[in-house]
Structures are given as C-alpha cells and as structure tokens.
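Encoded as structure tokens, the structure appears first; notes follow it.
Readers should treat all values here as calculations from the given coordinates under stated rules, not as data from a laboratory. What you see is a predicted model; the values in this text were computed from it and never measured. Every residue, glycine among them, receives a Cβ derived from its backbone with ideal geometry; neighbour counts consider all protein chains shown.
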Amino acid sequence: MCAFLLPLALWRPAFDERFKAVERFASTLLVFSAVSGSVMLGQYAWFGWKARSLNAELPLHHTVIGPAARTGRPRVIWILFDELSYEQVYESRFPGLQLPSFDALAAQSTVFTHTIPAGIFTGDVLPSLMTGEPVDATRASSDGKVAVYTQPR
C-alpha cells in the first residue's frame with residue numbers, strides 16, 4: 001500500500017519521463033510473465049491429462065497363456081529384501097521373535113550367499129537383476145512406462 005501511496009503523495013511533473021520508462025519496462029516484464037505462465041498452465045494441463053489413469057486399479061489375477069502355463073514347469077519367485085534385511089529376519093533375529101511364515105519360506109527356498117550386488121540403489125538394481133545387464137539409470141514417464149539406460153560395453 002505504501003509503494004502505491006508514496007509516489008502519489010510525492011509526485012512532481014519532472015518524474016513523468018522516468019515513470020514512462022519504468023512503465024514500458026514493467027509492461028514488457030508482465031507480457032513475458034503472462035506468456036511463461038500460459039505455457040506453464042498448458043504443461044500442467046498436459047501432465048494432468050497424461051497422469052489421469054495412473055492410479056487405476058489393476059486386476060489381481062491374470063490367466064497365464066503361454067509356455068510356462070502349458071509345460072507345468074515350476075515358477076521362480078524372487079523375494080528381495082530392500083528395507084527388511086535378510087540378516088534381521090534370518091541370521092541374527094531378535095531373540096523370541098517368531099516369524100512362522102518366513103521360517104516356512106526358508107525351509108523351501110534356495111539362498112545364494114556369494115552374490116555381488118549390481119549397485120546400491122534399488123531402482124537400478126532391480127532392472128539389472130531382471131535383464132542380467134548392468135543398468136546405469138532408469139527414468140519413468142508420465143504414462144507409467146519405465147525406460148532403462150545401460151552403458152555399452
């Protein structure tokens with residue numbers, strides 16, 4: 001309020017030329033801000049449109065039609081411990097802690113003890129485990145697709 005009232009109270013005709021220069025500069029700045037704001041609003045609308053169905057519920061079960069279903073081969077299920085470490089659950093469990101489901105799983109599982117991790121970040125390690133190739137980076141697009149980047153050897 002003071003920035004508006006102070007120039008009105010102290011106005012002199014000699015300030016007219018300087019005021020016109022400031023007015024031209026401010027109007028140029030406001031035009032660029034309006035154009036940038038319009039572009040940003042357009043981008044928000046575009047991203048909102050692309051992300052409209054990201055949280056759609058997926059069906060829980062799919063019928064498997066393929067060689068694995070017809071041959072009757074056993075399935076491989078990977079359980080990866082990210083925040084819940086193998087050591088906390090199996091090797092040095094808190095005394096008295098009962099985990100019957102994990103114990104039943106351990107009784108019928110294979111543990112690979114001499115593995116070398118593909119990295120320290122889960123987002124890069126999981127695609128490396130799935131593809132067998134070292135992954136340097138992953139990027140997700142707004143439609144839920146994941147791109148995997150590897151270094152050529």
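In table form, for the structure just shown:
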item	result
FRET efficiency for Ser27 and Ala3, using Cβ-Cβ distance with R0 set to 22 Å, rounded to 0.05	0.80
Sites excluded, GluC sites (Glu not before Pro) in DSSP loops with at most 13 other C-beta within 10 Å, longest stretch of the chain	84-153
Two-decimal log10 I(q)/I(0) for the chain, as the Debye equation yields it once each C-alpha is a single scatterer, q = 0.14, 0.20 Å⁻¹	-1.08, -1.33
With Cα atoms, 0 to 90° folded angle of helix 122-131 axis to the chain main axis	50 degrees
Cut-off under 5 Å, modelled amide H: who pairs with Ala137 long-range	Tyr149
Whole-angstrom Cα spans of the stretch 70-149 along principal axes, big to small	45, 37, 28
The chain: calculated mean residue ellipticity at 222 nm from DSSP helix runs of at least 4, using -39500 (n - 2.57)	-13500 deg cm²/dmol
Average Cα contact separation per residue, the chain, under 8 Å, 6 or more apart, as relative contact order %	15 percent
Added length on full extension, which subtracts the Cα-Cα distance from 0.36 nm per residue, Leu97 to Glu17	20.6 nm
